[in-house]
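Novice: I have a structure here, written as structure tokens, and I will follow up with some questions on it.
The values are calculated or read from the model by the stated rules, or taken from the named source; none is laboratory data. Note that the structure is a prediction, hence the values are computed from the model and not measured. Here Cβ is always computed from backbone atoms with ideal geometry, including for glycine, and neighbour counts include all displayed protein chains.
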Amino acid sequence: MAIYHVNIKSYSRGKGHSSVAAAAYRAGFNLRDRKNGTVHKYKGRGGVVSQEMLAPKGAPDWCLDVRSFWDINEANETRNNARLAREVEISLPKSLDPKQRHHLAIDLGRLMVNRYQVAVLVAVHAPSKKGDQRNHHVHLLLSARKIDATGLGERACAAFDARQGAGAAEMKILRGKIASVINAHLIMASVNARVDHRTLRAQAADKARQGLHEEARALSRDPIRRIPKDTFYDKKKVRQSVSAAKNAPSVAGLRFAQNLKERRHVQEAKIFHPVPETHSHEAALRDLDREGRSHGKAVKSADQQSSTARNRIHTHYNPLTRQVSKVSRLSRTKGASAEVLNKQAELIEQWLEAQREVAEQALEILNSIPGIQIEPCFERAYALILSRRADHYGGKGLLFEDTEVLGKAMVRYARMLVSPYRAQCDYLAAKAKLAEFDYEPPSSAAARARRRMLRMKHLASAGVMKRREWRIRQARAAMAAASISLGVGDESCIEIHDEGPSEQTTSANHHHQLRFRPRF
């Protein structure tokens, strides 16, 4: 079965169309529209195999000239919502050679001339280099008015606009006549393939009545929509990459989650230290200092903690964070019973549970990139947030503030890390959207698509990507600093960048940049 495709559409001035622009694009010419002084430049465009004007017998000579007819046709219509032309796009069988396809296109044009008494531009187009190589097709651009000895006459193709289903019936009749012309040329070329203008359901029912059940089963499928664009395969690649980014499981993320789960079981297996009944503030500091020295770390004194609190007085925290932290510090300073301290431990665990949800949000953002490798500094920050032991944070004077800062830093780091990948995907999607207007005349939608493509191209340029890398390093350093402030971290992840990204990068920074670059 040969490919059969017929598409009928009309051009209206009310929708911003121009018959001169349509003819220039299909014929590959530079045509001037004297009505509005616009020149439509399509000379030298690829893909145009041949073009020819056809008209009824006795028509004036200018009806056979592409450069004259469509300008006169455009000027003849004075209404703002006038119909300017109609187009019938037909696929040509790939089994015919170029000369046979040209004769078939001329016969299809004559079919339109004889049936509707109109002038027809017959433009044969070849497949693009990047598209489907079977996509040989012809554009038949029909005048909106009939042609007689005086030139443009009354409205043509009125059968298409008839009401009560007559217009749809005329289209079905025309599709059948087109199929008959194509099959006649296939027979003359000794080609066994045939086209059928009927629906797949009607073809399957006909085969079933003939007893050809295998062929009927093959025709019992959904129709395939044709996409006559140069970037058919490019769009397919974009859809596959976006789908993989949303649905593909990240092996590194699953492995990281399993490691964190095992680490949490080990931490929960530890025994909590009992709280004495008379636990003053001084005794608590001595116990924490003794425990910190046993692990090789010194706990900050009360003066150091109060100094840290004074330095953070201008930091913007959540109001609820400030209130809870204030109540917790007052209870610890004045001394409290074991019951109050146990309630405080429960409050800390509930707070850490809320921050754990923020950390999981950051991990989900990272897992949206297929094949990403989780960095060690993010693993340490994530494990620090997952720790739900109250005794591990019992001596932190600014526990609630530090955990809030760490959670926000993790989310910002994740968003910065995925921004280059998303910028590339947005640029490819905008480029594919612009390619949909390749065969269409200039329009406002095409202009918007081009502006968006240029904007996305700028956001994916080398300069912007360099700025994104600098922001990633800044977010990574902020996350590492928040981890160290909370109690655990790696100072090697912190880099001081007072200025923006420079044009020259040192070898050390270049090595660090390559080390933490995600793999797409």
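Novice: Any residue at all in the stretch 51-64 that's surrounded by 19 or more Cβ atoms within 10 Å (Cβ to Cβ), out of contact with any Leu (no Cβ under 8 Å at 6 or more places or on another chain) and within 30 Å of Lys130 (Cα to Cα)?
Specialist: no
Novice: Which residues, taken from the stretch 36-70, are within 21 Å of Arg155 (Cβ to Cβ) and over 40 Å from the mean Cα position of the chain (by Cα)?
Specialist: If the condition is that a residue be within 21 Å of Arg155 (Cβ to Cβ) and over 40 Å from the mean Cα position of the chain (by Cα), then Met53, Leu54, Ala55, Pro56, Lys57, Gly58, Ala59, Pro60, Trp62, Cys63, Phe69 are the ones that fit.
Novice: Are any residues in the stretch 1-34 farther than 24 Å from Phe160 by Cα and under 31 Å from the mean Cα position of the chain (by Cα), and if so, which ones?
Specialist: Ile3, Tyr25
Novice: Shifting gears a bit: Return yes when Ser190 is on the phi > 0 side of the Ramachandran plot and either loosely packed, with under 15 Cβ neighbours inside 10 Å or not hydrophobic (A, V, I, L, M, F, W, C) (or both) and no when it is not.
Specialist: yes
Novice: Could you tell me which of the residues Arg255, Arg209, Arg221 is under 30 Å from Ala429 (Cβ atoms), over 26 Å from the mean Cα position of the chain (by Cα) and modelled with pLDDT under 90?
Specialist: None of the others qualify; the one that does is Arg221.
Novice: Gln203 - would you say it is touching a residue at least 12 places away in the same chain (Cβ under 8 Å) and outside the structural domain of Val49 (by TED's automatic domain parsing)?
Specialist: Criteria met by Gln203.
Novice: Related question: Suppose the filter is assigned by TED's automatic domain parsing to the domain that holds Leu111 and in contact with a Pro (Cβ under 6 Å, 6 or more places away or on another chain); does Ala59 pass it?
Specialist: For Ala59, the condition - assigned by TED's automatic domain parsing to the domain that holds Leu111 and in contact with a Pro (Cβ under 6 Å, 6 or more places away or on another chain) - is not met.
Novice: Can you tell which of Leu96, Leu111 is farther than 17 Å from Gln51 by Cα and either part of a strand (DSSP E or B) or not aromatic (Phe, Trp, Tyr) (or both)?
Specialist: Only one candidate qualifies: Leu96.
Novice: I'm checking my understanding of the structure. Among residues of the stretch 1-60 that are in a strand (DSSP E or B) and polar (S, T, N, Q), which one is nearest to Ala179 (Cα to Cα)?
Specialist: Selected residue: Asn7.
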